[in-house]
Ligand SMILES: *Cc1c(COP(=O)(O)O)cnc(C)c1O
């Protein structure tokens with residue numbers, strides 16, 4: 001048990017760069033989304049969604065079927081196309097309600113978006129069959145599933161298009177992927193976003209590595225460039241509005257900015273994707289997930305969202321169901337535990353009232369990091385804080 005006197009560790013919510021990031025050995029071998037077909041590397045998952053919808057020919061007057069439990073960032077790309085999101089229901093276990101999905105297909109429906117929550121696969125082949133029967137296109141939202149295998153194929157291989165959010169799996173500041181194993185991506189032309197963006201993308205990733213003490217050796221060599229960046233930044237700010245050197249999607253915002261549609265992901269992010277082993281990331285995330293699961297399963301007032309961790313799954317986070325989520329969230333958040341809630345609808349969301357199970361899941365699921373850069377002591381500290389917060 002962690003005493004209240006113990007110093008509060010600074011536990012990173014998302015993966016950060018460390019010297020170990022480049023190790024390759026792993027006891028499991030898993031493919032990534034990039035093995036599902038040719039890819040376009042952009043600056044966020046939502047930009048990839050918008051490009052996929054554009055490639056599908058989705059436009060004004062069309063409807064796109066979207067799961068009622070979704071990230072608010074999934075809606076602006078649909079609206080940007082002039083289309084209408086129509087929400088379909090989920091079951092209580094976070095699998096999609098296929099009957100409800102089928103019932104919502106109408107003459108204006110063009111595409112179906114399917115989200116593999118937390119890296120766990122939805123019945124994508126059944127959705128594929130439904131889409132084929134109705135002449136619809138399927139977009140696999142692999143924002144939580146950049147790495148993984150399902151029935152012998154890489155994640156994202158079944159949809160017409162698949163999108164990924166590389167920032168959720170790699171220690172990078174910006175990044176998203178559009179992939180298709182079925183359609184050519186020749187029409188998707190990308191350009192570099194400029195030297196300022198390239199520099200910011202690399203320096204931000206390095207800076208985070210330093211902030212968490214994960215990159216001590218490289219620190220000395222980078223002290224000067226980082227100081228230079230700080231000085232330049234001050235100068236820019238003093239001269240007026242700071243230019244948007246990176247998209248707001250990199251700063252926990254749900255905004256969508258079409259200015260980034262034709263921008264390539266930074267050289268730094270693309271290099272990291274090439275250099276870092278998906279198998280190693282998956283092995284560590286699976287081990288961390290199972291460590292949290294073993295320690296938390298059975299505590300009163302919480303239970304795991306998923307009964308087991310299937311082979312082939314590389315989890316994004318560890319999601320659990322809390323009986324009293326508001327109280328637990330307030331307590332662990334105050335203790336400094338990195339906890340997130342997925343799919344809380346924004347006020348006045350169009351999905352309000354669309355699905356009772358989705359509303360319940362959004363409220364009751366709390367998620368904890370299980371990414372590859374966490375240390376065992378940090379995971380155990382998180383467990384200790386949750387146990388303490390659950391006490392009366
Ligand atoms: C994060 C997320 C996205 C969008 O990804 P960004 O890279 O943040 O734009 C899309 N779908 C789901 C389910 C997400 O969680």
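Summary of values
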read-out: Positions within region 57-75 being more than 11 Å from the ligand (Cβ to nearest atom) and over 22 Å from residue 103 (Cβ atoms), in sequence order; value: 57, 59, 60
read-out: Total residues in region 120-132, condition farther than 21 Å from residue 286 by Cβ and within 15 Å of the ligand (Cβ to nearest atom); value: 0
read-out: Residue in region 100-112 that is buried (at least 18 other Cβ atoms within 10 Å of the Cβ), within 15 Å of the ligand (Cβ to nearest atom) and under 16 Å from residue 160 (Cβ atoms) present; value: yes
read-out: Failed item in (1) at pLDDT below 95; (2) farther than 17 Å from residue 42 by Cβ; (3) under 18 Å from the mean Cα position of the chain (by Cα); (4) part of a helix (DSSP H, G or I), with residue 252 passing the rest; value: (4)
read-out: Breaking point among (1) more than 27 Å from residue 342 (Cα to Cα); (2) modelled with pLDDT under 95; (3) touching a helix residue (DSSP H, G or I) at 6+ places or on another chain (Cβ under 6 Å), for residue 199; value: (3)
read-out: Tabulated pairs, region 136-148, first farther than 21 Å from residue 311 by Cβ, second assigned to a loop (DSSP other than H, G, I, E, B) and within 9 Å of the ligand (Cβ to nearest atom), C-beta under 6 angstrom, 6+ apart or interchain; value: 143/165
read-out: Conditions (1) out of contact with any helix residue (DSSP H, G or I) (no Cβ under 8 Å at 6 or more places or on another chain); (2) surrounded by fewer than 16 Cβ atoms within 10 Å (Cβ to Cβ); (3) closer than 22 Å to residue 318 by Cα; number of the one not met by residue 29; value: (1)
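The values are calculated or read from the model by the stated rules, or taken from the named source; none is laboratory data. In this text the structure is predicted, and so the values were computed from the model without any measurement. Methodologically, a virtual Cβ is constructed for each residue, glycine included, from the backbone with ideal geometry; neighbour enumeration extends over all protein chains shown.
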